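A quick write-up on the structure given underneath.
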Amino acid sequence: MLSIKNLHAGYGKVEVLHGISLEVPKGKVVTLIGSNGAGKTTTMRAISGMIAPREGQVMLGDVDITGRDSHRIARLGLAHSPEGRRVFATMSVDDNLLLGAFPRFTGARARGDVAADVERAMEYFPRLKERRAQLAGTLSGGEQQMLAMARAMMMNPEVVLLDEPSMGLAPILVDEVFRIISRLRAEGVTMLLVEQFAAAALNVSDYGYVLENGRIAVHGPADKLKNDPAVQAAYLGGG
Ligand code: ATP
């Protein structure tokens, strides 16, 4: 579904990704693990068009999306829920979700039933349901993070990129985020996930890639990576 080949990307004169290749098959959850600064967020940005790749190819299904602008990529069905909270502060929770469906109305993809999808999002995120009329800017940090994730789902995307959905959340909300990810996985949503909680991320994933200094060092089925002593020592808090 999402296929990246020999991707090079960076900022200014600095190259951060030195030719990475990875695959996210339809209906699978793939996690990208790596230390701080390894290039995980940069990978997400280069896929979704937030930065332009310098070399390599990004394919969404059979469409080459390399270097296209982010709005077009979104319209083609790729949702990116970026690191940190990005909600429309002066709009209600409900309106933020409705806006999330906007790319469905500008492309050739099926529009579907937006109102039903808002209700579905509310069911996934009960905390948002209780606060649906509240202005997004007045939600707690964790609630805003959930709203950003729910909004990405409103695109009815072919592929979702989730960058650190648990960042800054209280432990109870972290658990809730992972429960939601597993539920989306069970429904067949295709996802590329970046998470600081690498072990929890592997538990909800089919496959994983380890990024070291802008290169893929190891990859394999999630179970296998979880049991790999080197991966355990470096990323899963010891063996
Ligand atoms: P973390 O786990 O800390 O979020 P990461 O693996 O997501 O790390 P990136 O955010 O992709 O890492 O950053 C990779 C490198 O690119 C880092 O050295 C970072 O300082 C640099 N970098 C990231 N964003 C920018 C930017 N906008 N301009 C310049 N350099 C950047």
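The values are calculated or read from the model by the stated rules, or taken from the named source; none is laboratory data. Keep in mind it's a predicted model, so treat the numbers as computed, not measured. Ideal geometry is used to build each Cβ from the backbone, glycine not excepted, and the neighbour counts take in all protein chains shown. Ligands, DNA and RNA are stripped out before the accessible areas are found, and what is left, the full protein with its side chains, is counted by its heavy atoms. Shrake-Rupley method; radii C 1.70, N 1.55, O 1.52, S 1.80 Å.
Taking the residues in the stretch 30-41 that are open to solvent by 10 Å² or more (accessible area, probe 1.4 Å) and not basic (Lys, Arg) as candidates, determine which candidate is farthest from the ligand (Cβ to nearest atom).
Filtering the stretch 30-41 for residues open to solvent by 10 Å² or more (accessible area, probe 1.4 Å) gives 34-37, 40-41.
So of that shortlist, the ones also not basic (Lys, Arg) come out as 34-37, 41.
Values: Gly34: 5, Ser35: 7, Asn36: 3, Gly37: 4, Thr41: 3 Å.
Ranking the candidates gives Ser35 first.
With the checklist (1) among the charged types (D, E, K, R); (2) at pLDDT below 90; (3) more than 28 Å from Gly49 (Cα to Cα) in hand, flag the one item Glu143 doesn't pass.
Glu143 satisfies every listed condition except (3).
What are the residue pairs meeting all of these: first residue in the stretch 188-210, first residue of a type in the set (S, T, N, Q), second residue open to solvent by 10 Å² or more (accessible area, probe 1.4 Å) and in a loop (DSSP other than H, G, I, E, B), Cβ atoms under 6 Å, and 6 or more apart or on different chains?
Within 6 Å, the pairs are Thr190/Met1; Thr190/Lys26; Thr190/Gly27.
Can you report the number of residues in the stretch 42-77 which are open to solvent by less than 50 Å² (accessible area, probe 1.4 Å), within 16 Å of the ligand (Cβ to nearest atom), free of Cβ contacts under 8 Å to residues at least 40 places away in the same chain and not in a helix (DSSP H, G or I)?
Total satisfying the criteria: 1.
Restricting the search to the stretch 185-239, which residues are under 16 Å from the mean Cα position of the chain (by Cα), open to solvent by 60 Å² or more (accessible area, probe 1.4 Å) and either over 28 Å from Gly61 (Cβ atoms) or within 16 Å of the ligand (Cβ to nearest atom) (or both)?
Gln196, Phe197
Could you list, ordered by first residue, the pairs with Cβ atoms under 7 Å in which the first is in the stretch 8-20 and in contact (Cβ under 8 Å) with a residue 40 or more places away in the chain and open to solvent by less than 70 Å² (accessible area, probe 1.4 Å) and the second is within 6 Å of the ligand (Cβ to nearest atom) and polar (S, T, N, Q), at least 6 apart or interchain?
The qualifying pairs are Ala9/Thr42; Val16/Thr42; Leu17/Thr42.
Within the stretch 1-19, count every residue that is within 12 Å of the ligand (Cβ to nearest atom) and outside any strand (DSSP E or B).
2
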